[in-house]
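The values are calculated or read from the model by the stated rules, or taken from the named source; none is laboratory data. Remember, predicted model here, so these are calculated numbers, not experimental data. Glycine also receives a Cβ, built like all others from the backbone with ideal geometry; neighbour counts cover every protein chain displayed. Only protein heavy atoms, including side chains, enter the accessible area calculation; ligands, DNA and RNA are left aside. Shrake-Rupley method; radii C 1.70, N 1.55, O 1.52, S 1.80 Å.
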Amino acid sequence: MNRINKKLQEDKKLLSIYFTAGYPKLNDTVEVIESLEKSGVDFIEIGLPFSDPLADGPTIQASSTAALENGMTTEVLFNQLKDIRKTVSIPLIIMGYFNPMMQYGVEAFCKKCEEIGIDGLIIPDLPVQDYNENYKAIFEKYGIINVFLITPQTSDERIRFIDSISNGFIYMVSSAGVTGAKDSFGNTQETYFDRIASMNLNAPQVIGFGISNAETFQQATSKAKGAIIGSAFVNYITDKGIDKIPDFITTIR
Amino acid sequence: MSYFVDENGYYGQFGGAYIPEMLYPNVEELRQNYLKIMQEDSFKKEFDELLKEYVGRPTPLYFAKRLSEKYNTKIYLKREDLCHTGAHKVNNTIGQILMAKKLGKNRIIAETGAGQHGVATATVCALMGIECVVYMGEIDIARQAPNVARMKMLGATVVPALSGSRTLKDATNEAIRDWINNPVDTHYIIGSVVGPHPYPDMVAKFQSVISEEIKWQLKEKEGKENPDYVVACVGGGSNAAGAFYHYLDEKEVGLIAVEAAGLGVDSGESAATSVLGNEGVIHGSKTLLMQTKDGQIIEPYSISAGLDYPGVGPLHAHLCESKRAEFISITDDEAMQAGLELCELEGIIPAIESSHALAVFKQKEFKKDDVVVLNLSGRGDKDLNTYIKYFKL
């Protein structure tokens, strides 16, 4: 069984952390991952930086630009991660935009992920339909879970379809917007969280975008299986450095 | 082979809608409605009236006598430079503002490089009394000050794009992010035949008025609708899409797309996507684009701010791959000389984008009785500073 599915079966609310590979320094990637696991994080999204990250707010744009300037590439990331399964056992997901994966070759990319022990991919700009028709078989061949996004504007009908082709979890984007930290959620989010919870979907839901602290983490996980923190974590390591990662995780739960 | 978009939004292997889920409802709403709306009588009537009374269409198809003599062929200039706001861009913004109204949107966003599309968008928003926000790279804001002032006078808010290389591609990213943040009330007026389906098709259709007019105008002047060649410059490719549109299936009409070579195709400072690009995804569309082997998008260069886009629209990628159109690259220097030549021979100061198209006559020899229609996409007022600097006027 894929590590993601195993993790989703655990009887607890899951905390996931996103960070940009190769940031703050090119060779920080492995240390960040190891530190996050030791701090009790349940799974990790490793951001493969892209020059034009459409769905990201200022924080992750800046970390992506810095990582690229540091020399991060798809090849470098795979090299950094080649021995990661010797030290880390929690689920690892690569999150990135479609173009760099397309240039590497989608099949070659999935194959490499399997070799290294990457469990899933999140590709915000790969359309659901395109995945379903052209890439699903490749992902399945290498045992890679593809995670789809839904938003407050996604129709029930489309959510049902996405649920039907999801074999891991559904990434619930908390509100209409790009990535970025928020201090709290309002009524609109609560209503949306309730609506999705009441749909009784097959795939568990993990909420991301706007989760930044214990309050937003609790609000999100009161309705969903877990939550993902990205920008707030990237901001934190920008300010405090990667040595302080355990302190950040302690403040969340 | 078809050169028009298929039902899935592709031109051959290019096109599609590679967008984050957050944009799906907006783009899907547009996809389901744009053809229906464009076919409504009330829409067509208002669009045609505005093009006539407000934009000043039809634009002349002018026989350039002295230019023709010099190059020993028959050259007609399609005078899009005489459109209100100074370029063809307004054909599209008129269409899209009417589309936005039909869709019930009350806020408009746009991206702009040189500022021409931003001005054309701000213009139609003023005309309709609709809020307008234009994203423009911080670097472009500095080098295109007159157009920034024009947009402000027209009531638009100009927001600097501070991310990435702070030019057109980043302004486009910021506009897309704004649309993600405002998914209900906002329509995004893309300025070229780029972006996710249905934008490339919709923009091409709004611009197709150019070749629609060329057909009947040429019939009046030459007794035939089809020229031997149609020439247009290509950045994203909207004026070329409009000039080519009604000739795509007319095999005897040669289509020539002129790209900006910048300092030279191999100089590292270029925007010649057809030579330097390969298949990839940019701004929601699978197309030819300039990128590293790792798939990071490369910042292009051209002296012309309207041509320094790292991709071309998917229609043009298809025209290039299928060899339906011939792609030619023109350097900064060649374009500037061709622009000056048009001033001297015909008394017309062209936009530097259009000057690239004009330079085709130095690169390619036409027969004496060939009829060549060149789309003069814009006027040179906006480029005076660049001309002054270049020619030390």
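Regarding B:R379, is this residue under 16 Å from the mean Cα position of the chain (by Cα) and open to solvent by 10 Å² or more (accessible area, probe 1.4 Å)? Against the criterion (under 16 Å from the mean Cα position of the chain (by Cα) and open to solvent by 10 Å² or more (accessible area, probe 1.4 Å)), B:R379 qualifies.
Taking the criterion of being farther than 22 Å from B:G313 by Cβ, of a type in the set (G, A, S) and more than 11 Å from every other protein chain (Cβ to nearest Cβ), the residues of the stretch B:141-198 that qualify are B:A142, B:A145, B:A149, B:G155, B:A156.
Scanning the stretch A:87-130 for residues that are within 20 Å of B:T287 (Cβ to Cβ), part of a helix (DSSP H, G or I) and either touching a Pro at 6+ places or on another chain (Cβ under 7 Å) or within 11 Å of chain B (Cβ to nearest Cβ) (or both) gives A:F98, A:N99, A:P100, A:M101, A:M102, A:Q103, A:Y104, A:Q129, A:D130. Filtered by the rule that a residue be open to solvent by 10 Å² or more (accessible area, probe 1.4 Å) and either not β-branched (V, I, T) or not in a loop (DSSP other than H, G, I, E, B) (or both), the stretch B:260-282 gives B:L263, B:G264, B:D266, B:S267, B:G268, B:E269, B:S274, B:V275, B:L276, B:G277, B:N278, B:E279. If you check A:D194, A:D243, A:D247 for being more than 14 Å from chain B (Cβ to nearest Cβ) and under 21 Å from A:A21 (Cβ atoms), only one passes: A:D243.
Put simply, of B:S238, B:S285, B:S302, B:S322 the only residue that is touching a residue at least 24 places away in the same chain (Cβ under 8 Å), buried (at least 24 other Cβ atoms within 10 Å of the Cβ) and more than 20 Å from B:A357 (Cα to Cα) is B:S285. Scanning the stretch B:201-235 for residues that are in contact with a strand residue (DSSP E or B) (Cβ under 9 Å, 6 or more places away or on another chain), in a helix (DSSP H, G or I), open to solvent by less than 10 Å² (accessible area, probe 1.4 Å) and more than 22 Å from B:G56 (Cβ to Cβ) gives a single hit, B:D201. Each residue in the stretch A:69-86 was checked for being in a helix (DSSP H, G or I), more than 18 Å from the chain's Cα centre (by Cα) and not aliphatic (A, V, I, L, M), and 7 of them qualify. Taken as a whole, the structure leaves B:I330 outside the set of residues that are touching a Phe, Trp or Tyr at 6+ places or on another chain (Cβ under 7 Å), more than 14 Å from every other protein chain (Cβ to nearest Cβ) and in a strand (DSSP E or B).
Check whether at least one residue in the stretch B:54-65 is assigned to a helix (DSSP H, G or I), open to solvent by less than 50 Å² (accessible area, probe 1.4 Å), modelled with pLDDT of 95 or more and away from every other protein chain (no Cβ under 14 Å), and report yes or no. Yes, some residue in the stretch B:54-65 is assigned to a helix (DSSP H, G or I), open to solvent by less than 50 Å² (accessible area, probe 1.4 Å), modelled with pLDDT of 95 or more and away from every other protein chain (no Cβ under 14 Å).
Can you confirm whether the stretch B:80-102 contains a residue that is farther than 20 Å from B:I352 by Cα, assigned to a loop (DSSP other than H, G, I, E, B) and either open to solvent by 10 Å² or more (accessible area, probe 1.4 Å) or at pLDDT 95 or above (or both)? The answer is no, given that none of the residues of the stretch B:80-102 is farther than 20 Å from B:I352 by Cα, assigned to a loop (DSSP other than H, G, I, E, B) and either open to solvent by 10 Å² or more (accessible area, probe 1.4 Å) or at pLDDT 95 or above (or both). Is it the case that B:E46 is within 14 Å of another protein chain (Cβ to nearest Cβ) and open to solvent by 10 Å² or more (accessible area, probe 1.4 Å)? When the stated conditions are applied, B:E46 does not pass them.
Looking across the stretch A:131-174, the residues that are hydroxyl-bearing (S, T, Y) and part of a helix (DSSP H, G or I) come down to A:Y131, A:Y135, A:S164.
Can B:A126 be described as free of Cβ contacts under 8 Å to residues at least 60 places away in the same chain, part of a helix (DSSP H, G or I) and more than 20 Å from B:L50 (Cβ to Cβ)? So B:A126 fails the test. Residues in the stretch B:305-319 that are more than 19 Å from B:G115 (Cβ to Cβ) and either part of a strand (DSSP E or B) or open to solvent by 10 Å² or more (accessible area, probe 1.4 Å) (or both): B:G311, B:H318.
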